[in-house]
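The values are calculated or read from the model by the stated rules, or taken from the named source; none is laboratory data. Everything quoted here is computed from the prediction, not taken from an experiment. Cβ sites come from the backbone with ideal geometry, for glycine too, and all protein chains shown count toward neighbours.
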């Protein structure tokens, strides 16, 4: 079941097209979920794909699925670093940033919108979303767009096509390991 969620919601990351995705899946037992994540991490970490629980409550877990090399590279961008510092991130390391993000989820009922940076969304769109409180976007798809509408629409189409192809291949018997592209 976990693999099906990953294919459906995270295929652009598995394909190496996107920095990261989120997957909100059932988690009636955190112990069982952690066993599944450990097994999948053992398979996919070799291909630079990692899974971590950002938050869990009410029988659901929010799983962060990411390309470590891509997010680490993005966190060297000075504009992104400055943006994250405004939200209390001391961006000395990727590990610290993820732990800070987890704390932001745990300490608030409000979704931490800076997560868009961790998902590889354009910084202008993340800032636009926050400043406009989610309103007045040029368009929306996988995220709300406040900057380059044309480029975003192309990406949305590419990601959706990837998801459809991956779901078809998975239904046809391909494993998540076979569908995950190495970095």
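Before moving on, here are some points about what is shown:
- Between 138, 168, 161, the distinction of being surrounded by fewer than 13 Cβ atoms within 10 Å (Cβ to Cβ), modelled with pLDDT of 95 or more and more than 16 Å from the chain's Cα centre (by Cα) belongs to 168 only.
- Of the residues 105, 111, 129, the single one that is free of Cβ contacts under 8 Å to residues at least 24 places away in the same chain and assigned to a helix (DSSP H, G or I) is 129.
- Among the candidates 106, 27, residue that is surrounded by fewer than 12 Cβ atoms within 10 Å (Cβ to Cβ) and in contact with a strand residue (DSSP E or B) (Cβ under 7 Å, 6 or more places away or on another chain): 106
- Of all residues making up the stretch 88-98, the number that are exposed (fewer than 12 other Cβ atoms within 10 Å of the Cβ) and under 19 Å from the mean Cα position of the chain (by Cα): 2
- Meets criteria (farther than 25 Å from residue 4 by Cβ and within 15 Å of the chain's Cα centre (by Cα)) for residue 128: no
- Of the helices (runs of 4 or more DSSP H) lying entirely inside the stretch 1-97, the ones with 2 or more residues being closer than 19 Å to residue 170 by Cα and touching a residue at least 40 places away in the same chain (Cβ under 8 Å) are found at 2-14, 30-44.
- Tally, over the stretch 45-68, of residues that are out of contact with any strand residue (DSSP E or B) (no Cβ under 8 Å at 6 or more places or on another chain) and at pLDDT 95 or above: 3
- Every condition in (1) modelled with pLDDT of 95 or more; (2) loosely packed, with under 12 Cβ neighbours inside 10 Å; (3) closer than 28 Å to residue 3 by Cβ is met by residue 118 except one, and the failing one is (2).
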